[in-house]
Amino acid sequence: MTKRSLRELDGAVRAATDWIDDLTLRLGWQDRDKVYLALIAALHALRDWLPRDEAIYIGACFPPLLRGLYYEGWRGAGHPPAKSRGAFLARIHDGVHREPGVDAEQVAQAVLALLTARLPPAEIENAKAATPKELHGLWPS
């Protein structure tokens, strides 16, 4: 690796850490490992509830390391999951190993607020419009 690519890797790690730190504050949790799991679980749930093209567009806005984690295991042409609010929240809860102290709705709202704060407003509006109506109340107003 060249020095330039190592600097890029360091920057990518910093950007991902900044997102995790931001979400840690939003959730008010102390356990960064749990925050990381919650972030990835919510991003995967969102990715799978969005139409394929919108999932790609929003993923392109993420920092490089988070973008890779977001796409990990994704089958863009796979079968769409049930599109209910309950199924969305259950997907997040599954991603944090069904830990009893985790409120999946709180996680969803915090992650969507994080995205709203960090991504271009036009992309957020497109993503929100593309999510099922049952999920619109989870996005910040």
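Values quoted throughout were computed directly from the atomic coordinates according to the rules given, and no laboratory measurement underlies them. Because the structure is a prediction, the values reported are computed rather than measured. Because the Cβ atoms are built from the backbone with ideal geometry, glycine has one as well, and the counts that use them run over all protein chains shown.
Details
- Efficiency of FRET between GLU72 and SER141 - r from beta-carbon atoms, R0 35 angstrom, step 0.05: 0.65
- Model label sites at LEU119 and LYS83, defined 7 Å from Cα along the beta-carbon direction, differ in position by 1.7 nm.
- Helix-derived mean residue ellipticity, 222 nm - over the chain, DSSP H n ≥ 4, -39500 (n - 2.57), to 500: -21500 deg cm²/dmol
- Using only alpha-carbon positions in segment 1-136, the gyration tensor eigenvalues give semi-axes of 24, 19, 14 Å once each is multiplied by 5 and square-rooted (largest first).
- Relative contact order for segment 3-138, counting Cα pairs under 8 Å that sit 6 or more residues apart, in percent: 32
- Distance (nanometres) between label positions extended 7 Å along Cα→Cβ at CYS61 and LEU9: 2.9
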